[in-house]
Amino acid sequence: MSPFRDGFRAVPDCLPVNCMARNAEALHVTVLHAAAADLFWQVRHRLTALYGCSTLRLTVLKPPNTDGQAIDIEWRRPPEAAPPLSRSRR
């Protein structure tokens, strides 16, 4: 069974550039295709938790033979809610 029949679309023909780097509390992901950027954006909560980062910076590079600039998007993970305080019974 082909993954394209299940609703997946092919990425355009060129090098799939995906690079991740951690800089202090930020995870920087660089991609070439918008489809890859969308995938990383969808799992941003999981990625930042997995790498222990509070910020995700996503860069979509300018594809070859096109006009325009790279796109940078930054997202900060919301602080986790503290567990409710329990009152001791006396």
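The values are calculated or read from the model by the stated rules, or taken from the named source; none is laboratory data. Predicted model, so just to flag it, every value in this text is computed and none were measured. Ideal geometry is used to build each Cβ from the backbone, glycine not excepted, and the neighbour counts take in all protein chains shown.
Filtered by the rule that a residue be in a strand (DSSP E or B), of a type in the set (S, T, N, Q) and surrounded by 13 or more Cβ atoms within 10 Å (Cβ to Cβ), the range 17-73 gives Asn18, Thr30, Thr55, Thr59. Residue count for the range 68-85, restricted to those that are modelled with pLDDT under 90 and under 15 Å from Ala34 (Cα atoms): 4.
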